[in-house]
Amino acid sequence: MLHEAEVPLTPSEPVRQVHDFRSGNEAAALAARDIGFHMMGYFPITPSTEVAETLSAMQADGEHDIVMVPADGEHSAAGICYGAALGGGRVLNATSSQGLLYALEQLPVQAGTRVPMVLNVATRTVSGPLDIRCDHSDIYFVLNTGWIILMARDPQAVYDLNFAAIKIGEHPDVRLPVIVAYDGFLTSHQKRRIDRFDDPEEVKAFLGEREDVFTALDAEHPVTFGPYMNDPDLINNKVQQSEAMEAAKRVIPEVLAELEIFSGRRYLTVDSYRMNDADVAVVLMNSAAENAKEVADQLREKGYKVGVVSPNVLRPFPCDEIRATLKNVRAAVVGDRGDSYGADGGNLSLEVRAALQQDPDNRTLVLSRIYGLGGKDFFDSDAEEFFFEALEAAEKGRVEVPFAYHGAYAGDPDQHPPKGLPAIKNEEVSRGMADVTKDPETGRLEVELKPLWEMTTVPSRVAPGHGACPGCGFFPMLRQAYSVLEGHVVVLFQTGCAMVTTTGYPKTAHRITYIHNLFQNGAATLSGLVEMYYERVRRGEIPKPAEGEDTTFIMVTGDGGMDIGMGAALGTAHRNHRMIILEYDNQGYMNTGSQLSYATPLGHRTSTSEVGKAQSGKRFHHKDTPQIFAACNLPYVFTATEGYPEDFMRKIAKAQWYAQHEGMVYGKVLSFCPLNWRTTDDAAQEVLQTAIDTCFFPLYEVEHGHTTITYDPDAIGRRRTMAEWLGEMGKTKHILAPEHADQLEAIEQEVGVRWRKLKIKHEHPEL
């Protein structure tokens, strides 16, 4: 049996298409290629990252010419897209969850200035606590930003609705940005058969040219975008924006009808299934509605008159269509994959209720249910329970439980999760593994370490048995640091591999106080805790520690956190809080699948800087983060690697002293990642040694502005070529090919320039 939405309205022949087998993310990327967007600003976040990854792989093979601009965070990505759209071209982005919320401040700006673009959202639960699976809590936050929101139930719909989004958003009566939202993992990653358009010229003709009503690139006709508005003007502007959204209610069905003629596939603003004579219904969005349709068929065979309603458009909300569809329905369960806390229903439920209230003849009983949060499975049995709840309400003529969470367990107050690992006693980790003294003449710190074998007797602050990849360099690095640190330690991990692999409710690998915050705000969070600690000590609420026994506060972050979180980290540095920022640099966003970061070197292969006939890895040099922080006048900045443990431990001992006595410390540690560097698990020592010997990653420290190189391969005759290091990793071997000689030369020149500058600073401390 065909769904009602699949029955064609016209006999017109659709354009030529070919079969494919794709996920929702891949479908979004294919649509982007076929549309021919001018630009994509992006930042990786699970589960939407695959859109940019797929486009990067296509770009490397010369399949499209979309300009892909990697941002330092979702907020910047939104700004990039807004600026690009102001230039009059077609613009694309993809994000999810916290990324969408981080960009949220920019969304009303773009809608309010009436600048179209397309944003694909792989819907995901909003933290905290952190969870990366599907629900609709992220998309619900966007409802009042002024963006049109289309809901795509499967990969085919993701593909098709991207084309509809272009025509809807660019319509002269609308001129609004458009979101295409689909379920994270359930649609974003599950592969289904799709039909895609085969002739780019037919696609181009269907879409038409983007009309430049206003553009920031027309010097002959200068335009002011986003002027300051006084009170009477702003409300008038909002009226126009509201009228544009009202116009969209007319334009959307028109565009969907055009899309049907073009593709042969029908999309309505509200998808109704077996609703012609339905007594009861369930109202669900996206993938869950497909489950419910199968259950509806089964219950129909048993004599129950049930149906399924699924909005394909969330903004503007299809009030008229909802009222018409539920006109004769006695009871309906509205399921929300996100709660509007305190409102006795999620946003879909509240809007369905509001729509029905406008019809005085409608007597539909509405039951609000919250389901599937955090990717909790929605099985056929769950849909069946919704149907029977609606049938029961219809039979009784009343709703006994108007609002409830479905499939949830609120907890038993008499039951508690198992306790974490036993705390480490202060005396266990206060063993004097490093003796730190201050030179009275130079003001510099001197460190004397105990033999390295003695370090192994210090109890680990992280339990063994973590979930990291074999050969991961993070844990040897952290073990080395923890072995030297004295006394109580409070650690904050920004989102990343280390965070994910050491915590999983209700378990934890941390034997010390551990905090997580999202990686755009970890430094600010920890700085607040530091200041609270010292203020409570000042007030006598916490005992004043003895000299050298202050709690040490450490933020652990990957290099990705030093992209998206750079602003917060620099603010923390300028305020000079007494804490340590410890960055493990594995040269990419490894937690989300090895996308490029600003720490990824030139030419290196990542999943968003692919290698092919049209592209050879990352297109720009990596940033010099230690020098950036050194310019903030911190008391201590250093570089290190787990491959040189003694050097690293000396620097950690200094870092703790400075963090307890003077202010903030920043340390950057080159950390081995065999999976994404494409090496064997046991290659860490060789690869890290070569990185140091090439001077790509020099070991040095900046102490009160004085630079000291702590390992000089030139001085001991161990200097090696960049080609030797690049040849040791699968992600960089392509650079050694003759056709990439210019790229290799550019890398060698940049490394040489940075090394020479560093040596000059070493030789001239006043610099």
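The values are calculated or read from the model by the stated rules, or taken from the named source; none is laboratory data. Treat the numbers as computed from the prediction; the structure is a model and nothing was measured. Every residue, glycine among them, receives a Cβ derived from its backbone with ideal geometry; neighbour counts consider all protein chains shown.
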### Query
Consider A569 against the criteria (1) surrounded by fewer than 20 Cβ atoms within 10 Å (Cβ to Cβ); (2) in a helix (DSSP H, G or I); (3) not β-branched (V, I, T): it satisfies all of them except one. Which criterion is unmet?
(1)
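Does N576 qualify as being in contact (Cβ under 8 Å) with a residue 60 or more places away in the chain and surrounded by fewer than 19 Cβ atoms within 10 Å (Cβ to Cβ)?
Numbers: in contact (Cβ under 8 Å) with a residue 60 or more places away in the chain: yes; surrounded by fewer than 19 Cβ atoms within 10 Å (Cβ to Cβ): yes.
When the stated conditions are applied, N576 passes them.
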### Message
Anything in segment 601-650 that is free of Cβ contacts under 8 Å to residues at least 24 places away in the same chain and more than 24 Å from F474 (Cβ to Cβ)? List them, or say none.
### Response
R619, F620, A631
### Message
So E50 passes all but one of these: (1) under 23 Å from L186 (Cα atoms); (2) modelled with pLDDT under 95. Which condition number does it fail?
### Response
(2)
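Among the helices (runs of 4 or more DSSP H) confined wholly to segment 53-129, which include 2 or more residues that are in contact (Cβ under 8 Å) with a residue 24 or more places away in the chain and under 12 Å from the mean Cα position of the chain (by Cα)?
Working: elements: 74-86, 97-102, 107-112.
So the answer is 74-86, 97-102.
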#### Entry: Pair list, Cβ < 6 Å and 6+ apart or interchain, from segment 216-240 residues that are within 25 Å of V174 (Cβ to Cβ) and in a helix (DSSP H, G or I) to residues that are aliphatic (A, V, I, L, M) and at pLDDT 85 or above
none
### Of residues in segment 671-690 being small (G, A, S) and within 17 Å of F648 (Cα to Cα), the one surrounded by the fewest Cβ atoms within 10 Å (Cβ to Cβ)
A684
### Query
Looking at segment 609-628, is at least one residue within 27 Å of the chain's Cα centre (by Cα), assigned by TED's automatic domain parsing to the domain that holds R575, at pLDDT below 95 and assigned to a helix (DSSP H, G or I)?
no
#### Entry: All positions within segment 580-600 that are surrounded by fewer than 24 Cβ atoms within 10 Å (Cβ to Cβ) and assigned to a loop (DSSP other than H, G, I, E, B)
G593, Y598, A599
### Whichever residue in segment 347-402 is surrounded by fewer than 16 Cβ atoms within 10 Å (Cβ to Cβ) and among the aromatic types (F, W, Y) and, among such residues, is nearest to L326 (Cα to Cα)
F388
### Query
What are the residue pairs meeting all of these: first residue in segment 449-465, first residue in contact (Cβ under 8 Å) with a residue 40 or more places away in the chain, second residue of a type in the set (F, W, Y), Cβ atoms under 8 Å, and 6 or more apart or on different chains?
S460/Y482; R461/Y482; V462/F475; V462/Y482
#### Entry: Considering residues of segment 98-144 that are under 20 Å from L161 (Cα atoms) and among the polar types (S, T, N, Q) only, the residue surrounded by the most Cβ atoms within 10 Å (Cβ to Cβ)
T123
### Query
Does segment 634-670 hold any residues that are among the hydrophobic types (A, V, I, L, M, F, W, C) and either part of a loop (DSSP other than H, G, I, E, B) or outside the structural domain of Q685 (by TED's automatic domain parsing) (or both), and which are they?
L634, M664
